[in-house]
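Have a look at the structure below before the remarks.
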Amino acid sequence: MKNPLTALQPSREKTLVRIGNIQIGGAEIVLIAGPCAIESEEQLVTSGQKLKESGVSILRASAYKPRSSPYSFQGLGAEGLKMHQAAQKKHGLLTATEVMDVRLVEEAAKHVDVLWIGARNMQNFDLLKEVGKCGKPVILKRGASATVEEWILSAEYIMAHGNKDVILCERGIRTYETAARYTLDLSAVAIAKTMTHLPIIVDPSHAAGRTDILPALCKAAIAIGADGLIVEAHPEPKASLCDASQALSLEEFNAIAKELKAVAESIGRSMLCC
Ligand code: PEP
Ligand code: MN
C-alpha cells in the first residue's frame with residue numbers, strides 16, 4: 001500500500017486529533033478563526049476575546065507570512081510568536097501559526113498549540129519531515145495545484161516521521177475562474193474522506209479572496225462533511241496588513257457562526273462550544 005498510515009481501512013477508526021482540551025474529527029465541528037498575520041498583542045487579545053464568544057476554539061494568526069511580493073509585510077517573526085503566547089494568557093483560546101522554514105519549527109512549536117503548513121509548502125518535504133518531529137498537531141493545507149492524492153501523500157510524510165496528529169485543510173485550487181481568488185474544491189473534501197481517516201477542515205477565506213460569499217462557503221463546507229473551518233477575521237479588516245480583502249470583521253464572523261448550528265444539526269453533528 002503506498003500510503004499505509006493515512007489510508008482509510010475497514011479495521012481503523014477515524015482519527016481524532018486532540019489539541020489541548022478539544023478534538024477535531026469527531027461529531028463536533030471546530031471553528032478556527034483570526035487574523036491572517038500577527039500585528040500586535042492587542043490585535044490578538046481583541047480578536048481572541050470576541051471570537052471566543054462566537055464559539056471559536058483556536059485563534060489563527062501567523063508570525064511568518066509567505067507573500068507573493070517581497071515588498072509586502074512579511075510577518076513579525078519571533079516577536080510575533082511571543083505576542084501569540086502572551087495574548088493567549090488573556091483570551092484563553094488555543095493558538096495556531098504557520099511555519100515556512102525547517103529552522104523555525106522547534107521555536108514555533110514552543111509558542112503555539114498547532115502549527116500549519118501553508119499551501120505553498122505542501123510539498124516542501126524537509127519541512128514536512130521536521131513537523132513530523134515537532135510534537136504538536138499539524139494542519140496541512142492543500143497546495144493550489146496539488147491533486148488529492150499528492151495532498152494525502154504529504155500527510156503521509158508527516159506521519160511517517162512520527163506525528164500522527166495531522167489535519168488536512170482544503171483552501172482552494174487554481175482553475176481558469178477569476179471571480180474568486182481560487183476555486184474552493186469542496187468535492188475534494190468528500191473524495192479525501194473516502195481515502196483517509198484523517199480529519200479534514202476547510203479554509204473558505206483564501207479560496208474566496210472576498211467576504212461576500214463566505215457565509216455560503218462556510219455552510220457548504222459543513223454540509224459536505226468538513227470537521228472544522230479556518231476563517232480569517234480581523235478587528236479592523238480594512239487596516240489588515242495582510243489579505244485585507246478577505247478578512248471578515250469580528251461581528252461578521254459572529255453572524256456567520258450563528259448560522260452554522262442549523263447546518264451542523266441537519267447532518268447529525270453539532271458545533272463545538274455553541
Ligand atoms: C494563510 O492561512 O494565511 C495562508 C497564507 O494560507 P494559504 O497557505 O492557504 O495560502
Ligand atoms: Mn491569509
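Between SER54, SER68, SER145, which is of a type in the set (S, T, N, Q) and touching a Phe, Trp or Tyr at 6+ places or on another chain (Cβ under 7 Å)?
Details: SER68 fails: touching a Phe, Trp or Tyr at 6+ places or on another chain (Cβ under 7 Å); SER145 fails: touching a Phe, Trp or Tyr at 6+ places or on another chain (Cβ under 7 Å).
SER54 is the lone residue from the list that is of a type in the set (S, T, N, Q) and touching a Phe, Trp or Tyr at 6+ places or on another chain (Cβ under 7 Å).
If a residue has to be acidic (Asp, Glu) and either buried (at least 20 other Cβ atoms within 10 Å of the Cβ) or in contact (Cβ under 8 Å) with a residue 40 or more places away in the chain (or both) to count, how many in region 81-104 make the cut?
Residues that pass the stated criteria total 1.
Kindly provide the set of residues from region 1-28 that are assigned to a loop (DSSP other than H, G, I, E, B), modelled with pLDDT of 95 or more and small (Gly, Ala, Ser), ordered by number.
Passing the criteria: GLY20, GLY25, GLY26, ALA27.
Restricting the search to region 195-253, which residues are more than 16 Å from VAL263 (Cα to Cα), more than 14 Å from ligand 2 (Cβ to nearest atom) and among the basic types (Lys, Arg)?
LYS238
Return the total of residues in region 6-22 being in contact (Cβ under 8 Å) with a residue 24 or more places away in the chain, surrounded by fewer than 17 Cβ atoms within 10 Å (Cβ to Cβ) and either within 16 Å of ligand 2 (Cβ to nearest atom) or not polar (S, T, N, Q) (or both).
Of the residues in that region, 8 qualify.
Hey, among THR194, THR211, THR183, THR178, which residue is in contact with a Pro (Cβ under 9 Å, 6 or more places away or on another chain) and of a type in the set (Ser, Thr, Tyr)? If you could, list the steps in order and put the result at the bottom.
Details: THR194 fails: in contact with a Pro (Cβ under 9 Å, 6 or more places away or on another chain); THR183 fails: in contact with a Pro (Cβ under 9 Å, 6 or more places away or on another chain); THR178 fails: in contact with a Pro (Cβ under 9 Å, 6 or more places away or on another chain).
From the options THR194, THR211, THR183, THR178, the qualifying one is THR211.
Among the numbered conditions (1) surrounded by 23 or more Cβ atoms within 10 Å (Cβ to Cβ); (2) more than 16 Å from ligand 1 (Cβ to nearest atom), tell me where VAL56 comes up short.
So the condition that VAL56 fails would be (2).
If you take the residues in region 160-194 that are over 18 Å from the mean Cα position of the chain (by Cα) and among the hydrophobic types (A, V, I, L, M, F, W, C), which one is nearest to ligand 2 (Cβ to nearest atom)?
Ranking the qualifying residues of region 160-194, first place goes to ALA180.
Which of the following residues is closer than 30 Å to HIS197 by Cβ and among the polar types (S, T, N, Q): SER47, SER68, SER54, SER72? Working first, answer last.
Details: SER47 fails: closer than 30 Å to HIS197 by Cβ; SER68 fails: closer than 30 Å to HIS197 by Cβ; SER72 fails: closer than 30 Å to HIS197 by Cβ.
That would be SER54, the only listed residue that is closer than 30 Å to HIS197 by Cβ and among the polar types (S, T, N, Q).
Pull out all pairs, ordered by first then second residue, where Cβ-Cβ is under 8 Å, the residues are six or more apart or on different chains, the first lies in region 23-39 and is under 13 Å from ALA233 (Cα atoms), and the second is of a type in the set (Phe, Trp, Tyr) and crowded, with 24+ Cβ neighbours inside 10 Å.
If the second residue must be of a type in the set (Phe, Trp, Tyr) and crowded, with 24+ Cβ neighbours inside 10 Å, the pairs left are ALA33/PHE253.
Could you grab me the full set of residues in region 80-116 that are closer than 18 Å to LYS129 by Cβ and in a loop (DSSP other than H, G, I, E, B)?
VAL99, MET100, ASP101
Restricting attention to region 203-223, does a residue exist that is under 17 Å from THR15 (Cβ atoms) and crowded, with 19+ Cβ neighbours inside 10 Å? Spell out how you get there, then give the answer.
Our first condition is that a residue be under 17 Å from THR15 (Cβ atoms); within region 203-223, this holds for none.
No: region 203-223 contains no residue that is under 17 Å from THR15 (Cβ atoms) and crowded, with 19+ Cβ neighbours inside 10 Å.
Please identify the pairs in which a residue from region 196-214 that is under 13 Å from LEU248 (Cβ atoms) and free of Cβ contacts under 8 Å to residues at least 24 places away in the same chain has its Cβ atom under 6 Å from the Cβ atom of a residue that is within 13 Å of ligand 2 (Cβ to nearest atom) and of a type outside the set (Lys, Arg), counting only partners at least 6 apart or on another chain.
Matching pairs, first to second residue: none at all.
Kindly provide the set of residues from region 238-274 that are within 14 Å of ligand 1 (Cβ to nearest atom) and touching a strand residue (DSSP E or B) at 6+ places or on another chain (Cβ under 7 Å), ordered by number. Even if it seems obvious, please write down each step before you answer.
Keep residues of region 238-274 that are within 14 Å of ligand 1 (Cβ to nearest atom), which gives 240-248.
Selection gives SER240, LEU241, CYS242, ASP243, GLN246, ALA247, LEU248.
The values are calculated or read from the model by the stated rules, or taken from the named source; none is laboratory data. Quick caveat, the model's predicted, so the values are computed rather than measured. Note that we place each Cβ from the backbone using ideal geometry, even for glycine, and neighbour counts take in every protein chain shown.
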